[in-house]
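Colleague: I have a structure I would like to understand better, so I am pasting it below and will then ask my questions one at a time.
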Amino acid sequence: MTSMTSRLISHDQLYLQPLILIRQGLVYHNGILYESDGIHGKSKVKKMDATTGKVQFVEKLEKIYFGEGCDIIHELNILMVLTWKKKKVMIFDILSDGDGLQLLDTISLKGTTTGF
């Protein structure tokens, strides 16, 4: 089994975002914070340096999606982002070239999709 890199992040280390966005998910992996936020037509996923809070990359979701929670499967190096109402999960490669995120797949879900 692959070991996971994790650490606790204190409240004063969390970085504030503009009030018009709703933080839905925040996960830590290997010195990087991944944040998903939701607002109709403007949802996005951010990749940020956990030490400085500097945003390294922003992936805007299609306008039809309201971004919900996110989580990482450490062994596969993928970030999953759940959407609200459209019942989709977007799967991103977190080891893609450069500072970006590469969308690998979008899958459909049945049932409720309000967070992981």
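Colleague: Within region 87-98, can one find any residue that is part of a loop (DSSP other than H, G, I, E, B), over 12 Å from the mean Cα position of the chain (by Cα), modelled with pLDDT of 90 or more and not aliphatic (A, V, I, L, M)?
Modeller: no
Colleague: Quick one: in region 43-76, of everything that is closer than 15 Å to V27 by Cα, small (G, A, S) and surrounded by 14 or more Cβ atoms within 10 Å (Cβ to Cβ), which residue is modelled with the lowest pLDDT?
Modeller: Filtering first and then ranking leaves G67.
The values are calculated or read from the model by the stated rules, or taken from the named source; none is laboratory data. Remember, it's a predicted structure, so these values are computed and weren't measured experimentally. As a convention, Cβ positions derive from the backbone with ideal geometry for all residues, glycine included, and neighbour counts pool all protein chains shown.
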